[in-house]
Amino acid sequence: MVRCVGIALLLALCTAPAIALDDARTEMGVDKAVQELKVTGSGVLVAIIDRGLDYEHPAFRQEDGSTRLHAIFDLTNDAGAKSEENVHGVGTIYPRAAINQAIESGKPLGPKDDEGRGTTSAGLACGNGAGSPDGSLRGIAPFATMVFVKIASDNPPDPMGEATGVRFFDLQRLRRALDFCVAQAETLNMPLVMVMNFGQIGGPTDGTSRLCRRIDELVGPGIPGRVFVSGPGDKGDRKNRARGTVAQGATVVLPVEKEAESEVFIDLWYPDDDRFDVTIKTTTASFGPYKAPKTAISKYEKEFQYYQLSHKRNAYRSASKKRQIRVDLVGPPGRYEIHLKGDKVTAGGQFVAFIGPNPSNPLHEPFNRFEGHVAPGSIWDGATAKHAICPGSYVLRMEWKSITKRDVAALGEGKPGEHWLGSGSGPTVDGRNGIDFCVPADRVATVYAPGSEWSERVTYLKSDDHGCLYGMSGGTGAAAALTGGVIALMLELDPTLDAIQIRTILRETAKKDEKTGVVPNTKWGHGKMDAYSALKRVKAGKVK
């Protein structure tokens, strides 16, 4: 049986030779805090909301081999939606007993991690390091209790290029995920930090969507021991946001360069009291104008699919009452144009648009972009909640050795200490900075799920006799997971802190240097996280 790393060994490892995740802990001052304050995340519930989990990995097990997970909620599978314990009416809940039974019997549960991303997030936040060299690749809060919610399936290919599952994502279920996590924390009577690793660009992005409003209802001032964390997304600054104003009777042309052979979407938002007629010019012809509908319209052509939905018909239901135009470009690469004509403009005629998907690395092509009305910002909608904590990512290392002893390098993503070029940035559409601080999340080593897409890469670092894989991870999802772990340590010291107090501490203790420039700003937020200083302030009771 694989045993977890004990507290004495955790403390001793703070002076062990540094590799990968060790460097991130050192950079943030976490290991120093462990030495001085003896923090481990004990008594805190960490909830990871992501794409799947290798719950059998020893990094997520107790010393006796039983699970550290209080529950798993699989929102991609409704087989257990009508079970007595499932008050949410969707998904399937696996309580601790069911997880332990699956571990003991070897009969797998449903929520496997085909891609591998969810397992890496859980490992960074609270993996205990079991199966890594001397336990050195532990997460930030290795003694925290865990909950995992599978919210999506990305349908990754297997090594032969065949799809391994069914792609699934339902925006409305994100709110169910939050409610489940809060209910588990209340049952356990534990403080809670929720880490949501999802971040497709688009949405109102002004903190008023149904998801953002639910986040702000569950966490915030006067709500002790409950925090929500999400990175801004991995879209960087790649001409993927546009803004403009359409006057009454005038037409604004939004030019789009589509380089991808695959589908590209345009997501555009404007006031519900206004009405824009839309003409779409493709690589071959012009279509429309499509009159602005009272509630909804959809058109399906060979090169695109077009929708316009009123505030009450689109999925976001923003309190700012935004109307949505969605154009899915399925035609060949080339120049496309979205023509917006002001049929009725009584609410200002301002619009904001997003384009995706796009790679996070500027060296990776294709590069889909707006060629006019370009505006800064690429933060995803959920991270714009008023009470959310949103960390960006900066570069820790870009070179390492793989398990095959091969030198591996991530090119074109920035140098150590610099802002990671794929890290999403603010401002939010309503003008807030968006980013609170940045974390050294590119690249760090963490748990890999055997049999996942990620485990097939030659970049992973370690595989022991038990098949325990550890490999490189990064991006703003990794930044959110590392941040969630640090917040768990803060809540261990003081479970009465609310989300705003924690965010204020992390902002005020963040480090500034020549790389961050003058802060706060829309890339770095308030600077680079200094977990040691933040934890010392909590320990001293110096909380505003």
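The numbers here are math on the coordinates, done by the rules we state, and not lab data. The structure presented is a predicted model; accordingly, all values stated were derived computationally and were not measured. Glycine gets a Cβ as well: all are built from the backbone with ideal geometry, and neighbour counts include every protein chain shown.
Which helices count as membrane-span-like in the chain under these terms: full DSSP H, at least 20 Å along the axis by C-alpha, Kyte-Doolittle mean of 0.5 or more?
For the chain, where a helix must reach 20 Å along its axis and average at least 0.5, the hits are 475-493.
Out of the GluC sites (Glu not before Pro) in region 209-312, which ones are loop residues according to DSSP with at most 11 other C-beta atoms within 10 Å?
Loop-located and lightly packed - 261.
Where the only charges are on Cβ atoms (+1 Lys, Arg; -1 Asp, Glu), what is the dipole of the chain about its Cα centre, to the nearest 20 debye? Don't skip to the end; give the middle numbers.
Values: 67 positive and 65 negative charges, 321 e Å.
Rounded to the nearest 20 debye, it is 1540 debye.
Under the Karplus relation 6.51 cos²θ - 1.76 cosθ + 1.60, θ = phi - 60°, what is the ordered set of whole-Hz ³J(HN,Hα) values for region 245-253, x standing for Gly and Pro?
10, 10, 8, 4, x, 8, 10, 10, 9
Skipping prolines and chain starts, which residues have an amide H placed within reach, meaning under 5 Å, of the one on residue 90, given they are 5 or more residues away or on another chain?
Amide H to amide H, under 5 Å and 5 or more residues apart or across chains, residue 90 pairs with nothing.
Show that you can apply the helix-only estimate: for the chain, add -39,500 (n - 2.57) for every DSSP H stretch of four or more residues, divide by all residues, and state [θ] at 222 nm to the nearest 500.
-6000 deg cm²/dmol
Given the Cα-Cα distance of residue 542 and residue 283 and 0.36 nm per residue of separation, how much length would full extension add, in nm? Walk me through the numbers before you get to the answer.
Details: separation 259, 0.36 × 259 = 93.24 nm, distance 6.09 nm.
Separation in residues times 0.36 nm, less the Cα-Cα distance, equals 87.2 nm.
Among the DSSP beta bridges whose two residues both lie in the chain, what percent are antiparallel, rounded to the nearest 5?
Values: 71 of 99 bridges.
The antiparallel proportion sits near 70 percent.
Do you know the relative contact order of the chain, to the nearest whole percent, from alpha carbon pairs under 8 angstrom that are 6+ apart? Could you put the intermediate results ahead of the total?
Numbers: 1481 pairs, mean separation 105.2, N = 544.
Reported as a whole number, the value is 19 percent.
For the pair residue 87 and residue 188, how long in nm is the line joining their label points, each one 7 Å along Cα→Cβ?
Those two pseudo-labels are separated by 1.8 nm.
Can you tell me how region 412-544 classifies by the Cα gyration tensor, rounded, prolate or oblate, using a/c under 1.5 as the rounded cut?
Values: a/c = 2.31, a/b = 1.42, b/c = 1.63.
Taking the square roots of the gyration eigenvalues as a ≥ b ≥ c, region 412-544 is oblate.
Using Cα pairs under 8 angstrom and six or more residues apart, how large is the relative contact order of region 241-370, in percent?
Contact order relative to length: 45 percent.
Given Cα positions, please report Rg to Rh for the chain, the hydrodynamic radius being the Kirkwood one.
My calculation puts Rg/Rh at 0.97.
For the pair residue 457/residue 337, report the inter-label distance in nm, with labels modelled 7 Å from Cα in the Cβ direction.
In this crude label model, residue 457 to residue 337 measures out at 4.1 nm.
Which entries in 32/415; 401/528; 32/511; 235/281; 112/405; 82/312 show an alpha-carbon gap greater than 21 Å?
Numbers: 32/415 25 Å; 401/528 26 Å; 32/511 16 Å; 235/281 26 Å; 112/405 29 Å; 82/312 29 Å.
Exceeds cut-off: 32/415; 401/528; 235/281; 112/405; 82/312.
From a point 7 Å beyond the Cα of residue 98 in the direction of its Cβ, which residues of region 55-76 have a backbone N at a distance under 17 Å?
55-56, 67-76
Could you point to the residue in 67, 469, 220 farthest towards the positive end of the chain's charge dipole, with +1 and -1 charges on the Cβ of Lys/Arg and Asp/Glu respectively?
Result: 220, furthest along the dipole toward the positive end.
Simple spin-label model, 7 Å along Cα-to-Cβ: residue 401 to residue 301 in nm?
Taking the two extended label points, one gets 5.7 nm.
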